[in-house]
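Right, one structure below, let's go through it.
The values are calculated or read from the model by the stated rules, or taken from the named source; none is laboratory data. All values derive from a computational prediction rather than experimental measurement. We place every Cβ from the backbone using ideal geometry, glycine too, and count neighbours over all the protein chains shown.
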Amino acid sequence: MSLNVAEILHSCRFFAEVQDQAFERLLRIARIVKFEKGTLIFRENQECPGVYLVGSGLVRVFKTGGSGKEHTLHMIGPGDTFAEMAALGGFRLPANAEAVADSTCVLLPRDLFRRALEEDHQLCLQMITSFSYWVQHLVGLMGDVVLRDAVSRVARYLLNAEADDTETIELPSLKRHLASHLNLTSETFSRTLRKLIDAGVIEETDGSRVRIVDRNKLRLVAEGLSPKL
């Protein structure tokens, strides 16, 4: 089923508190953009086109070092946004973005979005509130990478991932991107998944999906309160 602009805006956590008048304003400037798997959406240091909202699919935001090595900063799925900081700050894009699955997004063009914020103080206040949650998320992510071991990091990712009614989670087809996001090697990530499977916390349903078998135990593992696996 194809998603329309209103559905994607409604599903986005960043715009969850936007009220009717402001929502209509966003609808007028928004447009659908689609990316096939493997498409480079933008490159680091390019001018920012605007704020992207993911309706379906998966987008990877990443940096590339001088040696060509890539580090995944974020994996952006349905309900989340990317490029919002550059759009609002008026600076060049600080990272690259690519579609790692066929993806449908909404684009709020930068200049039109900034003008909407200037003209609608309520919308601007709602965006500030949303940014505060985003900063809180980033602080938590940094804490995960610095303070948690590999098992806790993977467990926490699975806890926060969007699962279907059967508690099944779709992992990125290229697990090395997710491993990089968690600051792990691909080998360590695979071993960690195997530990969780062997402990009966999750089970692998196919090559790219896992199902949470015991969410309470997974939560204990994520918080470092479970016996060492």
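Set side by side, the residues VAL54, VAL18 differ, and just one is under 27 Å from ASN160 (Cα atoms), surrounded by 13 or more Cβ atoms within 10 Å (Cβ to Cβ), among the β-branched types (Val, Ile, Thr) and touching a Cys at 6+ places or on another chain (Cβ under 7 Å), which is VAL54.
Of all residues in the stretch 1-52, those that are at pLDDT 95 or above and of a type in the set (Phe, Trp, Tyr) total 3. Taken residue by residue, the stretch 68-76 has at least one member that is assigned to a loop (DSSP other than H, G, I, E, B), surrounded by fewer than 17 Cβ atoms within 10 Å (Cβ to Cβ) and without any contact (Cβ under 8 Å) to a residue 12 or more places away in the chain. Quick check on GLY143: is it in a loop (DSSP other than H, G, I, E, B) and farther than 18 Å from VAL100 by Cβ? Answer is no for this residue. Looking across the stretch 1-44, the residues that are of a type in the set (Lys, Arg), over 26 Å from PRO172 (Cβ atoms) and either part of a strand (DSSP E or B) or free of Cβ contacts under 8 Å to residues at least 24 places away in the same chain (or both) come down to ARG28, ARG31. Taking the listed residues SER56, SER11, SER67, the one that is polar (S, T, N, Q) and touching a Ser or Thr at 6+ places or on another chain (Cβ under 6 Å) is SER56, with no other qualifying. The set of residues in the stretch 78-101 being under 19 Å from ARG43 (Cα atoms) and within 15 Å of the chain's Cα centre (by Cα) consists of THR81, PHE82, ALA83, GLU84, MET85, ALA95, ASN96, ALA97, GLU98, ALA99, VAL100, ALA101.
Here is a yes/no grid of residues against (1) touching a residue at least 60 places away in the same chain (Cβ under 8 Å); (2) more than 22 Å from HIS10 (Cβ to Cβ):
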{"residue": "LEU112", "(1), (2)": "yes, no"}
{"residue": "SER130", "(1), (2)": "yes, no"}
{"residue": "VAL135", "(1), (2)": "no, yes"}
{"residue": "VAL139", "(1), (2)": "no, yes"}
{"residue": "MET142", "(1), (2)": "no, yes"}
{"residue": "VAL154", "(1), (2)": "no, yes"}
{"residue": "ASP165", "(1), (2)": "no, no"}
{"residue": "ILE169", "(1), (2)": "no, yes"}
{"residue": "ARG194", "(1), (2)": "no, yes"}
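Reported count of residues in the stretch 102-133, each being within 17 Å of the chain's Cα centre (by Cα) and farther than 14 Å from ILE41 by Cα, is 4.
So that you can scan it fast, the table gives a plain yes or no per residue for (1) surrounded by 14 or more Cβ atoms within 10 Å (Cβ to Cβ); (2) assigned to a loop (DSSP other than H, G, I, E, B):
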{"site": "ALA116", "(1), (2)": "yes, no"}
{"site": "LEU125", "(1), (2)": "no, no"}
{"site": "GLN136", "(1), (2)": "no, no"}
{"site": "TYR157", "(1), (2)": "yes, no"}
{"site": "SER180", "(1), (2)": "yes, no"}
{"site": "ASN183", "(1), (2)": "yes, yes"}
{"site": "LYS195", "(1), (2)": "yes, no"}
{"site": "THR205", "(1), (2)": "no, no"}
{"site": "LEU218", "(1), (2)": "yes, no"}
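If I ask for residues that are within 18 Å of PHE14 (Cα to Cα) and polar (S, T, N, Q), which ones from the stretch 41-86 would you list? The answer is SER56, THR81.
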